[in-house]
Amino acid sequence: MEYVKANVPRAYIEYLSTVDEEFRETVLMVVKQSIADGLHGILVNSRSAHHRQAEVSEEVPYGQVVDAIR
């Protein structure tokens, strides 16, 4: 993965490898935000296969990705 840098947590890399190209771009923007703040992880809200959102969340420890239905 050419966009992967040394400071990207392993969980982020693993999650990015599991999503389709279109959603990967969305998650990648959130990964960059998470790395920039260095405090919070990523919450992916999967209401349905066609409506997914990703955000930096205070509920998730830095370096982790939680994919949940909310």
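The values are calculated or read from the model by the stated rules, or taken from the named source; none is laboratory data. As the structure is a prediction and not an experimental result, all values here were calculated from the model. When we count neighbours, we look across all protein chains shown, and the Cβ atoms used for this are built from the backbone with ideal geometry, even at glycine. To get the accessible areas, we keep the full protein, side chains included, count just its heavy atoms, and leave off ligands, DNA and RNA. Shrake-Rupley method; radii C 1.70, N 1.55, O 1.52, S 1.80 Å.
Okay, here's what the table says:
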item: All positions within region 14-28 that are within 20 Å of GLU58 (Cα to Cα) and either of a type in the set (Lys, Arg) or open to solvent by 40 Å² or more (accessible area, probe 1.4 Å) (or both); result: THR26
item: Pair list, Cβ under 8 Å, 6 or more apart: region 48-70 residue farther than 11 Å from VAL30 by Cβ, other residue of a type outside the set (Asp, Glu) and modelled with pLDDT under 90; result: ARG52/SER46; ASP67/SER46; ALA68/SER46; ILE69/SER46; ILE69/ARG47; ARG70/ARG47
item: In region 48-70, the residues that are touching a strand residue (DSSP E or B) at 6+ places or on another chain (Cβ under 8 Å), over 11 Å from SER34 (Cα atoms) and open to solvent by 50 Å² or more (accessible area, probe 1.4 Å); result: ARG52, GLN53, GLU59, VAL66, ASP67, ILE69, ARG70
item: Residue selected from region 29-47 under the condition surrounded by 14 or more Cβ atoms within 10 Å (Cβ to Cβ) and touching a residue at least 24 places away in the same chain (Cβ under 8 Å), by the criterion nearest to VAL19 (Cα to Cα); result: VAL44
